[in-house]
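Below is one structure, written out as structure tokens; comments come after it.
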Amino acid sequence: MKFFIDTANLEQIKEAQDLGILDGVTTNPSLMAKEGIKGEKKILKHYVDICNIVDGDVSAEVIATDFKGMVKEGEKLAKLHENIVVKIPMTKEGIKAIKYFSDKGIRTNCTLIFSAGQALVAAKAGATYVSPFIGRLDDISTNGLTLIDQIRTIYDNYLFDTQILAASVRHPMHIIECAEIGADVMTGPLSAILALMKHPLTDSGLAQFLADHKKVNG
Ligand code: E4P
């Protein structure tokens, strides 16, 4: 399972990269705004800065909502760095753009996936990744993990190459359950990645080992 971090915060990206287990980054317009990155020049530079930290795919989302605009913006983003993946929303215009980019060999991440039907269409259009938002489904009392399971079955039935990128991950159990189902990638906050490593028995066991060592060795 690939681990992506879902943030535009350079410090958090560096911290995750330093762990040596990071495979990529996802961003979205809200995450960029949260970091105060505004204006086209600064936004494009920020994507390059992220690419320079992480050796892996970096999703950069288009703002345009029409086919022509998405193509224009996506081509500009794709030229920034070889690791940029053009992130495109699941809309009719978005699907046309994904097909266009797929035919040109430009990689895409179809975002805002909330149903198996959307994921099927995105795969048929040639999306490199689909991003089902599991946390946001959970928020409205729908099981996000059921969606991951459905998409896994559909993609395996037809041997689609599109990778399932479980998004809107909120906590470590989301990651574990996505791994059990067989999601190809998860993208989550640094807190969820760090929480995977924590266990109180590890902490107390280590404290005991060090105390016993000190008793004998001083
Ligand atoms: C996915 O690529 C999105 O950036 C993200 O996972 C959305 O997560 P949220 O629901 O926590 O905003």
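As an exercise, identify the trypsin sites (Lys or Arg not before Pro) in segment 1-71 lying in DSSP coil whose Cβ has no more than 12 other Cβ atoms within 10 Å.
Values: sites: LYS2, LYS14, LYS34, LYS38, LYS41, LYS42, LYS45, LYS68; in loops: LYS38.
Passing sites in segment 1-71 are LYS38.
Nearest 10 degrees, 0 to 90: what angle lies between the long axis of helix 144-158 and the longest principal axis of the chain (Cα atoms)?
Between the helix axis and the principal axis of the chain, the angle is about 60 degrees.
For ASP57, what residues show an amide H to amide H distance below 5 Å, using hydrogens built from the backbone and excluding near sequence neighbours?
VAL25
Once you place label points 7 Å from the Cα toward the Cβ at ASP18 and GLN208, how far apart are they in nm?
Going by the 7 Å Cα→Cβ label model, 3.1 nm.
Can you work out the PRE-style zone for LEU80? Point 7 Å along Cα to Cβ, and I want the residues of segment 110-138 with backbone N under 20 Å.
Residues 110-112, 128-131 fall inside that zone.
Of the trypsin sites (Lys or Arg not before Pro) in segment 184-218, which ones lie in a loop per DSSP and count no more than 13 other C-beta atoms within 10 Å? List each step's numbers first, then the result.
Working: sites: LYS198, LYS214, LYS215; in loops: LYS198.
When the trypsin sites (Lys or Arg not before Pro) of segment 184-218 are filtered for loop state and at most 13 Cβ neighbours within 10 Å, LYS198 remain.
Calculate one ³J(HN,Hα) per residue across segment 133-142 by plugging θ = phi - 60° into the Karplus curve 6.51 cos²θ - 1.76 cosθ + 1.60, and present them in order as whole Hz with x for glycine and proline.
8, 6, x, 5, 5, 4, 4, 9, 6, 10
Hey, what number do you get for the chain at 222 nm if only DSSP H runs of n ≥ 4 count, each worth -39500 (n - 2.57), divided across all residues, to the nearest 500?
Numbers: 11 runs with 122 residues, N = 218.
Mean residue ellipticity at 222 nm (helix-derived): -17000 deg cm²/dmol.
Report, by chain and number, residues whose modeled amide H sits under 5 Å from the one on GLN163, excluding near sequence neighbours (fewer than 5 apart, same chain).
TYR129, VAL130
For MET1 and ASP49 in one chain, what is 0.36 nm times their gap in residues minus the Cα-Cα distance, to one decimal in nm? Could the numbers behind the result be given before it?
Working: separation 48, 0.36 × 48 = 17.28 nm, distance 2.48 nm.
Length gained between MET1 and ASP49: 14.8 nm.
Gain in length, LYS198 to ASP138, computed as 0.36 nm per residue apart minus the alpha-carbon separation, to one decimal in nm?
Stretched fully, the LYS198-ASP138 segment lengthens by 19.2 nm.
Charges at C-beta only: +1 for Lys and Arg, -1 for Asp and Glu. How large is the resulting dipole of the chain about its Cα centre, in Debye rounded to 20?
In total the dipole reaches around 600 debye.
Just to confirm the number: angle between the C-alpha axis of helix 10-19 and the first principal axis of the chain, 0 to 90 degrees, nearest 10?
Tilt relative to the chain: about 60 degrees.
Does anyone have the angle between helix 92-104 and the longest principal axis of the chain? Alpha-carbon axes, 0 to 90°, nearest 10?
Taking the Cα atoms of the chain, the angle to 92-104 is about 80 degrees.
Read-outs throughout are calculated quantities, based only on the coordinates presented, and are distinct from any laboratory measurement. In this text, all values refer to a predicted model and were calculated from it rather than measured experimentally. Please note: Cβ atoms are built from the backbone with ideal geometry, for glycine as well, and neighbour counts cover all protein chains shown.
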